[in-house]
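Nothing in this text is a laboratory measurement; each read-out follows from the coordinates by a stated rule. Worth saying up front: this structure is predicted, and the values here are computed from it rather than measured.
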Amino acid sequence: MQRIVKRVALLALSVIVSGCSLGKSDTFIFTADLPPNFYYRASAVYVPAKGETCTVPGGKNTHVGFNRHWRKEYKPDSEIALYRTVSGCPMVISKVKLEINAVYGDDWGDIGGDNASVMIYEVLPADYKREFSVEGESGFYGQCQFLFRTSGGKRRIVKILDCKGIDAKGVLARGRPGVAYTLDQLPGKTVKLKIKLVEEEMPAIKDTWVKVPNGWKRCMGDNFEDQYAFCYGDYKRFSSFMMPDGKQCTIYPGCTE
């Protein structure tokens, strides 16, 4: 009898520690509304639950990945657990780190990337808490833009992805897209990231391209082998360059003048 009572007590304790109760979800859904050829990769990060003094050796298995192999298999919806037990240590989610990847060519390296995050706290100031719709969904927003430059001896175009947070009205924030919730807000809910792509691309490095009526022309620099090739006021000598698909061009993005 004592053994049964002890096992019931331990079960009850594990429920309390995990923060869950019967009939209550202990997961939430993260999803993303992204432009074409954009994909996200997520890593849910866990720390010891409040009041716990246990540790996990080397932090092993305290991160859970989603869409790790997004090139082969991509799922826009990720069901993320709020609580886990790792090496006997009760843990709670603290954040979701997001990697935004944008594919712009066929080569393996033709990818631009940037970051976003979902932070999760025990308590937040009342005016900082995000609300959920009656359907149980809450969103945050970002705006991404491609920055182009040339690379290598062939002056091949490569692109960098630059993402900033924006509010629902499109006003730019200072940092990367991000949002914060309290732990008790998330069970059974959906958090959605919505990314808008700016149509116009811009040079990644100042004073290397010159704006012309129908695009951008690449400054020659000292010679074609000059990897930096700053303009330095020379707006008469320009070079050709290679597009990601191998095409030789003299103006970006239209290729030919």
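The value for the stretch 205-249 of Rg(Cα) / (2.2 N^0.38 Å) is 1.12. Over the chain, the fraction of Cα-Cα pairs per 10 Å bin, rounded to whole percents and listed from the shortest bin up, is 6, 24, 25, 19, 13, 8, 3, 1, 0, 0. Within the straight-line cut-off of under 18 Å between alpha carbons, the aspartates and glutamates reachable from Lys211 are Glu199, Glu200, Glu201, Asp234, Glu257, sequence neighbours fewer than 8 places apart in one chain being disregarded. In summary, the lysines within cross-link reach of Lys192, defined as a Cα separation below 20 angstrom excluding same-chain residues under 8 places away, comprise Lys75, Lys95, Lys97, Lys129, Lys164, Lys169.
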